[in-house]
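Inspection log for the structure reproduced underneath, given as structure tokens.
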Amino acid sequence: MEMVGDEGVDEELEEMFELLYAATPEGYKSEIVGGAICMVPKADAYWDVVSDVLYQLRDLLGQERQIKHEVRLDLPGYRNAFAPALYVMAAGAERDERGNWRHQDVEFVLEVIRQGTADYDYGRKRDAYAVGEVPVYLIADPYTGRCHLHTLPQDGEYRSCLAVGFGDPIDLTHTAVGVVLTVGESGREPTASSGGGAKRPPPELPPQPEADGDRRRG
């Protein structure tokens with residue numbers, strides 16, 4: 001039987017996650033979605049979007065806010081151990097008895113579409129965030145150049161979904177986050193016809209406060 005959060009611990013999920021953590025090669029992101037392992041490489045566009053949004057959040061929210069990058073976050077449902085691209089914790093948030101951050105304390109999640117993850121990010125993961133009542137779930141899709149902003153979770157679904165183009169303002173002033181973000185055009189994935197030259201090195205992410213025990217997927 002699955003047990004999550006305050007209800008107990010799914011020991012098989014814990015074992016799966018530890019094995020996955022040890023087996024994930026550098027430059028890959030891995031997580032467990034509905035009991036299935038998802039491991040994909042991080043493309044240049046992924047790094048561009050993540051670093052862009054992280055720099056903005058750091059500047060707008062301040063250094064004292066907990067902003068996590070690819071750190072384990074368990075969600076309601078069958079064996080969901082995600083590693084979101086970014087998530088913002090509420091002020092005063094604390095870890096649970098297992099040393100993990102609680103989804104109940106998350107105010108904002110960013111996921112970035114990579115090759116092979118669209119079905120998860122637009123489907124199972126979106127549904128899990130809604131059931132967990134994460135107030136703001138933002139999907140950035142480098143392949144389409146559009147973001148999809150999900151808010152107002154209720155009864156297991158998001159009641160509001162807004163599509164915003166890369167480069168356009170994403171107004172979160174009506175949410176707990178209380179800021180306006182943009183996802184820059186540099187985060188778009190090159191088209192197949194562009195040829196694709198040498199890969200750029202990933203941008204350095206700004207330093208961020210981090211409590212002991214955070215485990216990233218890559």
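The values are calculated or read from the model by the stated rules, or taken from the named source; none is laboratory data. On a predicted model such as this, the values are computed, not experimentally measured, just so you know. Neighbour counts are summed over all protein chains in view; Cβ atoms, including those assigned to glycine, are modelled from backbone coordinates with ideal geometry.
Per-structure values
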| item | result |
| --- | --- |
| Scope the stretch 46-72; condition of a type in the set (A, V, I, L, M, F, W, C) and more than 15 Å from the chain's Cα centre (by Cα); matching residues | Leu60, Leu61 |
| Residue match in the stretch 92-100 (condition: over 23 Å from Ser186 (Cα atoms) and among the aliphatic types (A, V, I, L, M)) | yes |
| Qualifying residue in the stretch 106-125 (condition: crowded, with 18+ Cβ neighbours inside 10 Å, assigned to a helix (DSSP H, G or I), under 13 Å from the mean Cα position of the chain (by Cα) and free of Cβ contacts under 8 Å to residues at least 24 places away in the same chain) | yes |
| Subset of the stretch 49-68 that is among the acidic types (Asp, Glu) and modelled with pLDDT of 95 or more - its residue that is nearest to Ala118 (Cα to Cα) | Asp52 |
| Residue check for Ile113: closer than 21 Å to Gly34 by Cα and touching a His at 6+ places or on another chain (Cβ under 6 Å) | no |
| Qualifying positions in the stretch 161-190 - among the β-branched types (Val, Ile, Thr) and either crowded, with 18+ Cβ neighbours inside 10 Å or in contact with a strand residue (DSSP E or B) (Cβ under 7 Å, 6 or more places away or on another chain) (or both) | Val164, Ile170, Thr173, Thr175, Val177, Val180, Thr182, Val183 |
| Among the residues listed as Gln56, Gln63, the single one being in contact with a strand residue (DSSP E or B) (Cβ under 6 Å, 6 or more places away or on another chain), closer than 26 Å to Val180 by Cβ and surrounded by fewer than 20 Cβ atoms within 10 Å (Cβ to Cβ) | Gln56 |
| Within the stretch 162-209, tally of residues that are at negative phi, at pLDDT 50 or above and part of a loop (DSSP other than H, G, I, E, B) | 23 |
| Residues of the stretch 151-160 satisfying the condition of being surrounded by 15 or more Cβ atoms within 10 Å (Cβ to Cβ) and touching a Leu at 6+ places or on another chain (Cβ under 7 Å) | Tyr158 |
| Filter result (of a type outside the set (Phe, Trp, Tyr) and buried (at least 16 other Cβ atoms within 10 Å of the Cβ)) within the stretch 94-105 | Asn100, Arg102, His103, Asp105 |
| Residue check, Val9 of a type in the set (Val, Ile, Thr) and within 25 Å of Glu133 (Cβ to Cβ) | yes |
| Top-ranked residue of the stretch 126-150 - restricted to ones that are among the hydroxyl-bearing types (Ser, Thr, Tyr) and surrounded by 16 or more Cβ atoms within 10 Å (Cβ to Cβ), ranked as farthest from the chain's Cα centre (by Cα) | Tyr129 |
